[in-house]
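To start, the structure itself, in structure tokens.
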Amino acid sequence: MSTDTYGLGKHGAVLLSNPGLLNMVLHHEHLYRDLADPIALFKGNVPTELASYWSYTQSDVTAAHKEATATYSQLMADTQPMVAAQVLAAYSFSNTKRMLDLGGGTGAFLRAVNARYEHIEATVYDLPAVIESAVKNNRSDVNLHHESGKADSSNNKNSVQFIAGNFFNDPLPDGYDTISVVRILHDHNTDAVTALLKKIYLSLPPDGTLLIAEPMANTRRAERVGAVYFNCYFLAMNQGEPRSIQTLERMLQEAGFSKIDHHPTTLPLVCSVMTATK
Ligand SMILES: C[S@@+](CC[C@H](N)C(=O)[O-])C[C@H]1O[C@@H](n2cnc3c(N)ncnc32)[C@H](O)[C@@H]1O
């Protein structure tokens, strides 16, 4: 091999075969630039790239936001298979009939659930800009409902439905026995999460289930990453934090949930899974 030729080792080959990992590496250019002056970042109140990248969730969507929305939604879709694999191995959805995935992006998680559990009527709920781009990319199996709170009753097997809305500001649609929040709660501050959990509790029927899947703080074999990586990431995002199973358990109890379970996963770095019953 000549000196100016490069070859891929085992780790490089893994990256090339996994668009989720590769896109995650590329996405981190924002975090690395935010970490260029770590002291300023840790002191807080500095404008960060990650915060502006994420700002499409906070305000009216501009053209720049639209681009960030599409890029971010693609990143989420590309990294979703490893999350869905963890959730499906840890939890059985055999008793679920109608499921709503809050902040479900392009529907990648619900498609993975539907591939295993065909009987489930699955609906994604996300911000209008995200749903619009999901519709563009999946025109064949998407039914769009811009008016928050209305799902299509003519749901076909394996056809994910989409509802556009803001889960903080708009009423949540009811009639779902299972609501999932996958990589959602850690993105938001405690006041917002407290309000959302209460809202979810109220929209579920008696015996309804809330499923939470995300990396959690202080989980065995992900302690250091939880403490260092996620705290830096959320600091740069200017909102959110990784929460421990114990903290989430307390917040779920305060929202009114009774039976709270933790379902261990093999890769807590990717996600841990908790369920709570109304
Ligand atoms: C970290 S991504 C997770 C996406 C998906 N659940 C997954 O794991 O692949 C967060 C998602 O929440 C959505 N989101 C953020 N704020 C929202 C809000 N107020 N109402 C509805 N969706 C929201 C974002 O648009 C994004 O799709």
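The values are calculated or read from the model by the stated rules, or taken from the named source; none is laboratory data. These numbers were taken from a predicted model, which means no experiment stands behind them. Cβ: placed from backbone, ideal geometry, glycine included. Neighbour counts: every protein chain shown.
Here are the numbers for the structure shown:
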read-out: Residue list for the range 232-278, restricted to those being of a type in the set (Gly, Ala, Ser) and over 13 Å from TYR91 (Cβ atoms); value: ALA236, GLY240, SER244, ALA255, GLY256, SER258
read-out: Counted residues, the range 159-169 - those being more than 8 Å from the ligand (Cβ to nearest atom) and not small (Gly, Ala, Ser); value: 4
read-out: Within the range 75-176, strands (runs of 3 or more DSSP E) holding 3 or more residues that are at pLDDT 85 or above and either on the phi < 0 side of the Ramachandran plot or of a type in the set (S, T, N, Q) (or both); value: 98-102, 121-126, 161-164
read-out: Flag if THR190 is buried (at least 18 other Cβ atoms within 10 Å of the Cβ) and more than 14 Å from the ligand (Cβ to nearest atom); value: no
read-out: Unique residue being surrounded by fewer than 20 Cβ atoms within 10 Å (Cβ to Cβ) and without any contact (Cβ under 8 Å) to a residue 24 or more places away in the chain when the list is ASP207, ASP261; value: ASP261
read-out: Every residue from the range 242-254 that is surrounded by 14 or more Cβ atoms within 10 Å (Cβ to Cβ) and touching a strand residue (DSSP E or B) at 6+ places or on another chain (Cβ under 8 Å); value: PRO242, ARG243, SER244, ILE245, THR247, LEU248, GLU249, LEU252
read-out: Single residue of the range 170-182 satisfying the filter (closer than 19 Å to ALA192 by Cβ and surrounded by fewer than 21 Cβ atoms within 10 Å (Cβ to Cβ)) that is nearest to the ligand (Cβ to nearest atom); value: ASP170
read-out: Top-ranked residue in the range 107-130 [being among the hydrophobic types (A, V, I, L, M, F, W, C) and closer than 19 Å to MET82 by Cα; ranked as farthest from the ligand (Cβ to nearest atom)]; value: ALA115
read-out: Qualifying residue in the range 248-264 (condition: part of a strand (DSSP E or B) and of a type in the set (Lys, Arg)); value: yes
read-out: Residue count, the range 66-106 (criterion: more than 11 Å from the ligand (Cβ to nearest atom) and surrounded by 23 or more Cβ atoms within 10 Å (Cβ to Cβ)); value: 2
